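For reference, the structure is listed below as structure tokens.
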Amino acid sequence: MILEGRVWKCGDNIDTDVIIPARYLNSTSPEELGKYCMADMDPDFAKKIVKGDIIVAGRNFGCGSSREHAPTAIKAAGISCVIAISFARIFYRNAINIGLPILECPQLISETYQHNILSVNLANGLIMDKSSNREYQAKSFPPFIQEIIKAGGLLNYVRRVE
């Protein structure tokens, strides 16, 4: 699967309260959560997203509480994947569980710019910054995790396999 979108850069330690502020957690609707993605960082963030855009972040993305609301809000806002130096472990697992592709690529954060266009090959981890014509290699997921992501998350995958 190949994804393509504009870069939205974030720094280090973006926690789940920044991704989806607690005051919006009274809904479990992905569409409703998506409207408030990154609202405390930029109140208009979700309105600026074009379906397929990509978050590029620093270290420890998704730290904080273990709520699945955070990757759900990102995905529902239209973000196609998140690429970071590193992820909080519970966010990493929650992202896979809901079918949000995430990749670790340490060099990308310092070498790409806001609104550059990235092409991401999830099968082999190849990232192409089309704006600078640079290539990066992220570690790709094993085939079974790629299948979970293709299915749209773990529940869809389990239903499909049964």
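Please report the relative contact order for the stretch 4-66, taking Cα pairs under 8 Å with a sequence separation of at least 6, and give it as a percent rounded to a whole number.
56
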Hey, for a label at Asp40 modelled as a point 7 Å past Cα toward Cβ, could you say which residues of the stretch 68-109 have their backbone N under 14 Å away? 70
Put +1 on the Cβ of every Lys and Arg and -1 on every Asp and Glu Cβ in the chain; which of Ala22, Ala123, Ser110 then has its Cα farthest towards the positive end of the dipole? Ala123
Can you compute the modelled spin-label distance between Asn156 and Asn133, with each label point 7 Å from Cα toward Cβ, in nm? 3.7
Shape of the stretch 1-96, Cα gyration tensor, a/c cut at 1.5: rounded
With a 22 Å threshold on alpha-carbon distance, the violating pairs from Lys48/Lys150; Lys48/Lys130; Lys130/Lys150 are Lys48/Lys150; Lys130/Lys150
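Among rounded, prolate and oblate, which fits the chain when a ≥ b ≥ c are the square roots of the eigenvalues of its C-alpha gyration tensor, a/c under 1.5 means rounded, and a/b larger than b/c means prolate? Could the numbers behind the result be given before it?
On the way: a/c = 1.58, a/b = 1.09, b/c = 1.45.
Since a/c reaches 1.5 but b/c is at least a/b, the shape of the chain is classed as oblate.
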Give me the extension gain from Ile145 to Glu104: residue separation times 0.36 nm, minus the current Cα-Cα distance, reported in nm with one decimal. 13.3 nm
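In debye to the nearest 20, how big a dipole does the stretch 1-138 give about its Cα centre with +1 on each Lys and Arg Cβ and -1 on each Asp and Glu Cβ? Walk me through the numbers on the way to the answer.
Details: 14 positive and 15 negative charges, 27 e Å.
Taking the Cα centre of the stretch 1-138 as origin, the dipole is about 120 debye.
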Would you tally the net charge around Ala77, using a Cβ to Cβ cut-off of less than 10 Å, leaving Ala77 out, and scoring K and R as +1, D and E as -1? +3
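Net charge near Glu4, counting Lys/Arg +1 and Asp/Glu -1 over other residues with Cβ under 12 Å of its Cβ?
On the way: positive: Arg6, Lys51, Lys130; negative: Asp53, Asp129.
Overall, the nearby charge balance is +1.
Counting only Cα atoms, I'd like the Rg/Rh figure for the stretch 1-51, Kirkwood definition for Rh. If you can, show how the numbers build up before the last one.
On the way: Rg = 11.9 Å, Rh = 12.0 Å.
That ratio equals 0.99.
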So if I take the centroid of the Cα atoms in the stretch 111-153 and the same for the stretch 1-53, what is the distance between those two points in Å? 19
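Read-outs: derived from the displayed coordinates by stated rules, not from any lab. No experiment lies behind these values; they were computed from the predicted model shown. Ideal geometry is used to build each Cβ from the backbone, glycine not excepted, and the neighbour counts take in all protein chains shown.
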